[in-house]
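Novice: Quick one: this structure, given as structure tokens, is what I'll be asking you about.
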Amino acid sequence: YFARWGQSGTVDLKQELEHLVTLVASRCLFGEEVRAKMFGEVATHLRELNDGMRLVTIMFPHLPIPAHRRRDRARARLGEIFSDIVSSRKASYPDGGPDDMLQCLIDSRYKDGRATTETEVVGMLVSALFAGQHTSSSTSTWTGARLLVRANSEHLRAAVREQERIVARHGDRMDYEVLQEMDTLHRCVKEVLRLHPPAMMLLRHARRSFTVRTREGDEYEIPEGRTVASPLVLHNCLPHVYRDPERYEPNRFGPGRGEDGAGGAFSYTAFGGGRHACVGEAFAYMQIKVIWSHLLRNFEMEMVSPFPETDWNVVMPGPKGKAMVRYSRKRMSAAA
């Protein structure tokens, strides 16, 4: 993908990573047919879906505003694209196709034995790709924005040195085992998710009444049937859990500190927790680390636009506006 970039230049990192993550997620989750359809139009429609999920949408999902109209048009067009893909897969493999998520959805049966319909498969394709694409592209962009600002140069140098050690040990090899050695990069991404969670809050339904006791000793009764909300932007910055919580400090998750466990099992909830924790956590980390390990190995980069603001007008907040980066190519030698 990055062969499209020249020897040097300036790009909107946010736009580039949105497109790249769409390609990666579609190929890994849904197979070659979906990947072949992932042209720029799909990334644009996914962006319009997110833009149409505003705070007002929670109360008035069908309010006739421009963002909702664009959202509905984007969803309809994505439905057309994915319907063609599902129909093509069924026609090409009447007795079962490749072992991927798309085929799994097509072959699925409900408890009563009923097969999934094409409309249902399309809906699950859109929702899965949207969830995987938006959260990972947003986190990838925030990772770049955090590492490439001058105030965090020490963390960038540490991440680059880690890549140099891994290249010296493994050359250009890139697989799951190599990714597992990237502890520094992993902590850089994890800290980004703490400061920039892709969802505003976690919602849980109380199936029975229970009592919550605060650190100060106050008690609150949660009645059965109520919805409990945990705002991640506050949860992830509690000062009694995280030292200097507003600061970007990946080493807070390193050996000897482990601040993500200081407040108990749910101190760190960027991917939720309990039975409904995000099933895509491992995939998200792997995808983002593959992208940033490649960028750190092959490019010198610097931010040339201001650090992005957060777009709080949408349900899944991400970086607002452009994230302009100046780059030049380099080659990390295995002999380094």
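Novice: Can you pull out the residues in region 8-33 that are without any contact (Cβ under 8 Å) to a residue 24 or more places away in the chain and more than 23 Å from M101 (Cα to Cα)?
Specialist: Hit for region 8-33 is E16, nothing else.
Novice: Run down L49, L17, L55 and say which single residue is at pLDDT below 90, within 22 Å of the chain's Cα centre (by Cα) and under 20 Å from A128 (Cα atoms).
Specialist: It is L49.
Novice: Select from region 286-318 the residues that are touching a Lys or Arg at 6+ places or on another chain (Cβ under 8 Å) and aromatic (F, W, Y) and list them in ascending order.
Specialist: F299
Novice: Taking the conditions exactly as written (out of contact with any Pro (no Cβ under 7 Å at 6 or more places or on another chain), loosely packed, with under 13 Cβ neighbours inside 10 Å and either basic (K, R) or under 27 Å from S230 (Cα atoms) (or both)), does L203 satisfy them or not? Working first, answer last.
Specialist: Numbers: out of contact with any Pro (no Cβ under 7 Å at 6 or more places or on another chain): yes; loosely packed, with under 13 Cβ neighbours inside 10 Å: yes; either basic (K, R) or under 27 Å from S230 (Cα atoms) (or both): yes.
Criteria met by L203.
Residues checked against (1) within 15 Å of G31 (Cα to Cα); (2) assigned to a helix (DSSP H, G or I); (3) touching a residue at least 12 places away in the same chain (Cβ under 8 Å):
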site: R77; (1), (2), (3): no, yes, yes
site: E80; (1), (2), (3): no, yes, no
site: S87; (1), (2), (3): yes, yes, yes
site: K90; (1), (2), (3): yes, yes, yes
site: P94; (1), (2), (3): no, no, no
site: L102; (1), (2), (3): yes, yes, yes
site: L105; (1), (2), (3): yes, yes, yes
site: G113; (1), (2), (3): no, no, no
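Novice: Just give me the residues in region 116-163 being in contact with a Ser or Thr (Cβ under 9 Å, 6 or more places away or on another chain), of a type in the set (D, E) and over 30 Å from G79 (Cα atoms), in sequence order.
Specialist: Within region 116-163, E162 is the sole residue that qualifies.
Novice: Let me ask you something else. Can you spot a residue in region 294-313 that is surrounded by 13 or more Cβ atoms within 10 Å (Cβ to Cβ), under 18 Å from the mean Cα position of the chain (by Cα) and among the basic types (K, R)?
Specialist: no
Table: residues versus (1) over 21 Å from the mean Cα position of the chain (by Cα); (2) without any contact (Cβ under 8 Å) to a residue 60 or more places away in the chain.
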position: T135; (1), (2): no, no
position: T139; (1), (2): no, no
position: W142; (1), (2): no, no
position: V160; (1), (2): yes, no
position: E164; (1), (2): yes, no
position: D172; (1), (2): yes, no
position: D175; (1), (2): no, yes
position: R187; (1), (2): no, no
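Novice: Within region 58-75, how many residues turn out to be out of contact with any strand residue (DSSP E or B) (no Cβ under 7 Å at 6 or more places or on another chain) and either in a helix (DSSP H, G or I) or modelled with pLDDT under 90 (or both)? If you could, list the steps in order and put the result at the bottom.
Specialist: Let us first name the residues in region 58-75 that are out of contact with any strand residue (DSSP E or B) (no Cβ under 7 Å at 6 or more places or on another chain), namely 58-66, 68-75.
Then keep just the ones that are either in a helix (DSSP H, G or I) or modelled with pLDDT under 90 (or both); that gives 58-59, 66, 68-75.
Qualifying residue count for the region: 11.
Novice: Something else: Across region 272-302, what is the number of residues that are in contact (Cβ under 8 Å) with a residue 40 or more places away in the chain, touching a Gly at 6+ places or on another chain (Cβ under 8 Å) and outside any helix (DSSP H, G or I)?
Specialist: Matching residues across region 272-302 total 2.
Novice: Residues A67, A91: which one is loosely packed, with under 12 Cβ neighbours inside 10 Å and within 26 Å of E41 (Cβ to Cβ)? Walk me through how you get there before you give the answer.
Specialist: On the way: A67 fails: loosely packed, with under 12 Cβ neighbours inside 10 Å.
None of the other options fit; the residue is A91.
Novice: Within region 157-191, how many residues turn out to be hydrophobic (A, V, I, L, M, F, W, C), touching a helix residue (DSSP H, G or I) at 6+ places or on another chain (Cβ under 9 Å) and more than 16 Å from V290 (Cα to Cα)? Step through it out loud before you land on a result.
Specialist: In the first step, residues of region 157-191 are kept if they are hydrophobic (A, V, I, L, M, F, W, C); the result is 158-160, 166-168, 174, 178-179, 182, 185, 188-189.
If we keep only those that are touching a helix residue (DSSP H, G or I) at 6+ places or on another chain (Cβ under 9 Å) as well, we get 158-160, 166-167, 174, 178-179, 182, 185, 188-189.
Those left that are additionally more than 16 Å from V290 (Cα to Cα): 158.
Looking only at that region, the number is 1.
Novice: Looking at S127, S153, which is the one that is within 21 Å of the chain's Cα centre (by Cα), without any contact (Cβ under 8 Å) to a residue 60 or more places away in the chain and surrounded by fewer than 19 Cβ atoms within 10 Å (Cβ to Cβ)? Give the steps one after another, and end with the answer.
Specialist: Values: S153 fails: within 21 Å of the chain's Cα centre (by Cα).
Residue meeting the stated conditions: S127.
Novice: Let me ask another. Mind checking which residues of region 254-284 are more than 12 Å from N236 (Cβ to Cβ), in contact with a helix residue (DSSP H, G or I) (Cβ under 8 Å, 6 or more places away or on another chain) and surrounded by 15 or more Cβ atoms within 10 Å (Cβ to Cβ)?
Specialist: If the condition is that a residue be more than 12 Å from N236 (Cβ to Cβ), in contact with a helix residue (DSSP H, G or I) (Cβ under 8 Å, 6 or more places away or on another chain) and surrounded by 15 or more Cβ atoms within 10 Å (Cβ to Cβ), then C278, G280, F283, A284 are the ones that fit.
Novice: Follow-up question, since we're still on this one. Any residue at all in region 96-106 that is in contact with a Ser or Thr (Cβ under 9 Å, 6 or more places away or on another chain) and modelled with pLDDT of 85 or more?
Specialist: yes
Novice: Say we look at region 314-325 and pick out the residues that are part of a loop (DSSP other than H, G, I, E, B) and in contact with a strand residue (DSSP E or B) (Cβ under 9 Å, 6 or more places away or on another chain); which of these is surrounded by the fewest Cβ atoms within 10 Å (Cβ to Cβ)?
Specialist: Looking only at region 314-325, we keep the residues that are part of a loop (DSSP other than H, G, I, E, B), and these are 315-318, 321-323.
Next, from what is left, pick out any that are in contact with a strand residue (DSSP E or B) (Cβ under 9 Å, 6 or more places away or on another chain): 315, 317-318, 321-323.
Details: V315: 14, P317: 20, G318: 21, G321: 12, K322: 14, A323: 24.
Among them, the one singled out is G321.
Novice: Only one of G254, G264 is at positive phi and either modelled with pLDDT of 90 or more or not hydroxyl-bearing (S, T, Y) (or both); which?
Specialist: On the way: G254 fails: at positive phi.
Going through G254, G264 in turn, just one is at positive phi and either modelled with pLDDT of 90 or more or not hydroxyl-bearing (S, T, Y) (or both): G264.
Novice: I need a count of the residues in region 303-317 that are over 18 Å from N50 (Cα atoms) and without any contact (Cβ under 8 Å) to a residue 60 or more places away in the chain.
Specialist: Step one: list which residues in region 303-317 are over 18 Å from N50 (Cα atoms), which gives 303-307.
Those still in the list that are without any contact (Cβ under 8 Å) to a residue 60 or more places away in the chain too: 305-306.
Count: 2.
The values are calculated or read from the model by the stated rules, or taken from the named source; none is laboratory data. Since we're looking at a predicted model, the values are computed, not measured. With ideal geometry, Cβ positions are generated from the backbone for all residues, glycine too; neighbour counts draw on all protein chains shown.
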